[in-house]
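Written below as structure tokens is the structure these notes are about.
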Amino acid sequence: MKSRKKYNEPVTVILLAGAAVFIFLPLYMTLVVAVKDTSQMQHILSFPKSIHLENFVNAWEMTDYPRKFFNTAFITIVNVIATLLTNSFAAYAISRNRRKSKFFSVLYYYFISALFIPFHVIMLPLVVQANTFHLDNIVGITFLYVIFGMPMNTFIYCGAIRQIPEALDEAAMIDGASPLQVFWYVIFPVLKPTTATVAILSVMWTWNDFTMPLILLSDQDQQTLQLSQYVFQGQFSTNYNLAFASYTLVLIPILVIYLFAQKKIMNGVVAGAVK
Amino acid sequence: MKAKHWKVNPVYYIGVGIMAILFFTFHTVPFLKGVFYSFTDWKGFGDWNFVGLKNYGVVFSNKDILSAYFFTFKFALVSTILVNIVSLFLACGLSANVRFKSFLRGVYFLPYMLGMLIVGFVFNFIFGNLIPELGRAVKSDALSTNILGSSHAFWAIVFVTIWAGCAFDTLIYMAGLQAIDKEIYEAAALDGAIGWKRFIRVTFPLLAPSFTINMVLSVKSYLMVYDQIMAMTGGGPGKSTTSIAVMIYKQGLGHGQFAVQTANAVVLFIVVVVISVFQLRVLEKREEKVG
């Protein structure tokens, strides 16, 4: 048998080459095209002779980047806070009372079975209903995200809460704590890793979602970063430099977050799926 | 104490009750409404009449809808298989004793972070401009044309799906590999199971739980394929790459087929449930057998 210290060199080379061609090359191309001007597009991958940062300025102004960034950040941040506060307590209530009361047991299966309903199945009636309730803005869509996250988050949270011994709740109850106090001071702190998972999945979902904004946010001032790329696709037309500058601006925030939180994100995604 | 009057403290009822009512109103009601509309001729506004099963008749006879089903099934099958094969190889590679391990893992997971829409746009350009440029350089006619405008657009979409989808599946397989006891490998080595043989006889069966997760989630999400098609072909050329989800959006909201497409959505729902339940049954039985 091979000794443990010895590196597997052929596999290392294959993986590095694969990463270079399939991951870094598209990213390099995105950045290079974003800083070139049209006269340098003869050879797409050639290193830029001159850097045209005005592409970023133009894309920034054309798509109204600050406005779209604010909208996307608003949806993402408000959703994640509201989701963590409401969904976690709901899951706690369900998980702890499932055996005591039919009501909670039925709700558990109600939420879980909704996992099988793909979004496109309810899409058409939802558009009509969202108009009736005036949900066609960033506040409305955030509200819908919080609610639509329930099935997945109930599933993840209940899996984690089941592992926490009920003696912990009972001890706190005897000390006179109300259910909300027990949850907030005893259970919620213990659930921290699960909360991280739910937070990561929620952020990824809302930041990158394209379908819900597409059907709900028709007003330019309410649109998200992802949606605005789709909307401006026609106006970019063959000005690829402008288009890629715009894509780069949208990718940068998420790449920065990934750079700093890579381990946490990967662990969170695994925990969410394996539960 | 209140708890004496109530078997369960009312705070719990309120906490879950609010969420349940909201969920019912904004998720279940649209779902039930969709089922209801599918038996009418509603256009999304104005008057409507009951038409019985007529919309379902259209779903099962309309050539465009049937070809969307054919495209979607073929796409889900091909993508699920290819994504899982590539992911298995990647996961094994990234779990081996390689240099720069955590860096490489981070790089291969990166596609998961990027929105599918922009990934689609970037590859649009690669297929439409970069590859034809290289094709002209090597004087190959096949490479010089934009694959997205040809009858092979299907494979371009599959390629992008693999590119983006492998990140998640690889991560799950890596977690599965990590959970395998190293002593099993040593015992297998004594029995002469090494290399490829070890993978088939030992590693792969032990990855059963990860395999179940990946198969079920892959099939479900690829049956709903939407973002990459909207970004890359918009369903074309012609309607050759129109998936069911794309069709529901395009025909349902723009082309006055609201009721027909709600029927289509109900059929899609049944298809997804049947396939998911069937998969879970089969794969969990397999887990029991090998576990």
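The values are calculated or read from the model by the stated rules, or taken from the named source; none is laboratory data. On a predicted model such as this, the values are computed, not experimentally measured, just so you know. Ideal geometry is used to build each Cβ from the backbone, glycine not excepted, and the neighbour counts take in all protein chains shown. Note: areas computed on protein heavy atoms with side chains; ligands, DNA, RNA excluded. Shrake-Rupley method; radii C 1.70, N 1.55, O 1.52, S 1.80 Å.
Data table
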read-out: Apportionment of accessible area to carbon and sulfur, the range A:60-125, percent (1.4 Å); value: 72
read-out: Exposure of B:K239 as accessible area (Å², to 10), given a probe of 1.4 Å and all protein chains; value: 100
read-out: Rg followed by Dmax, in Å, when the range A:172-275 is reduced to its Cα trace; value: 20.0, 70
read-out: Distance between modelled label sites at B:E288 and A:D37, nm, 7 Å Cα→Cβ extension; value: 7.0
read-out: Charge tally in the Cβ shell below 15 Å around A:I138, where Lys, Arg are +1 and Asp, Glu are -1, A:I138 excluded; value: -3
read-out: Gain on full stretching of the segment that runs from B:L77 to B:S140 - 0.36 nm per residue minus C-alpha separation; value: 19.6 nm
read-out: Ranked order, A:H120, B:H152 - accessible area, probe 1.4 Å, largest first; value: B:H152, A:H120
read-out: Inverse of mean 1/r across different Cα pairs in the protein assembly as shown, Kirkwood, Å; value: 25.8
read-out: Value at 222 nm in deg cm²/dmol, rounded to 500, when DSSP H runs of n ≥ 4 in chain B each add -39,500 (n - 2.57); value: -22500 deg cm²/dmol
read-out: Probe 1.4 Å, accessible area per residue of the protein assembly as shown, Å²; value: 47
read-out: Solvent-accessible area of A:D37 with every protein chain in place, 1.4 Å probe, in Å² to the nearest 10; value: 40
read-out: Accessible-area composition of the range B:113-153, carbon plus sulfur, in percent [1.4 Å probe]; value: 61
read-out: Mean projected area (nm²) of the alpha-carbon convex hull when chain B is viewed from all directions; value: 24.3
read-out: Accessible carbon and sulfur surface of the range A:174-221 relative to its total accessible area, %, 1.4 Å; value: 62
read-out: Listed residues A:G140, A:V127, A:L85: farthest to the positive end of the dipole of the range A:75-167 (Cβ charges); value: A:L85
read-out: Accessible area, probe 1.4 Å, largest first, for residues B:W196, A:W205; value: B:W196, A:W205
read-out: Potential extension, A:L45-A:Q129 segment - 0.36 nm per residue separation minus Cα distance; value: 25.5 nm
read-out: Using a Förster distance of 60 Å, the FRET efficiency for B:D47-A:D175 (Cβ separation, nearest 0.05); value: 0.45
read-out: Folded to 0 to 90 degrees: helix A:240-274 orientation relative to chain A principal axis, Cα; value: 30
read-out: List B:M116, A:M212, ordered by accessible area with a 1.4 Å probe, largest first; value: B:M116, A:M212
read-out: Coordinate range along principal axes, alpha carbons of chain A, Å, largest first; value: 75, 68, 33
read-out: Kirkwood Rh (inverse of mean 1/r, distinct Cα pairs), the range A:90-246, angstrom; value: 18.5
read-out: Minimum 10 Å² accessible area buried by the other protein chains, the range A:76-108 residues, probe 1.4 Å, relative to alone; value: A:T86, A:F89, A:A90, A:Y92, A:A93, A:N97, A:K100, A:S101, A:F103, A:F104, A:L107
read-out: Projected area, mean over directions - the range A:9-52, Cα convex hull, nm²; value: 3.4
read-out: Shielded by partner chains, the range B:20-62 residues - at least 50 Å² of accessible area, 1.4 Å probe, vs chain alone; value: B:F23, B:F26, B:H27, B:P30, B:F31
read-out: Chains B and A together, accessible area buried on both sides, 1.4 angstrom probe, square angstrom; value: 8200
read-out: Gain on full stretching of the segment that runs from A:V13 to A:I257 - 0.36 nm per residue minus C-alpha separation; value: 85.0 nm
read-out: Solvent-accessible area of A:T83 with every protein chain in place, 1.4 Å probe, in Å² to the nearest 10; value: 0
read-out: Candidate aspartates and glutamates - alpha carbon under 17 Å from A:K68, same-chain residues fewer than 8 apart omitted; value: A:D136, A:D209, A:D219, A:D221
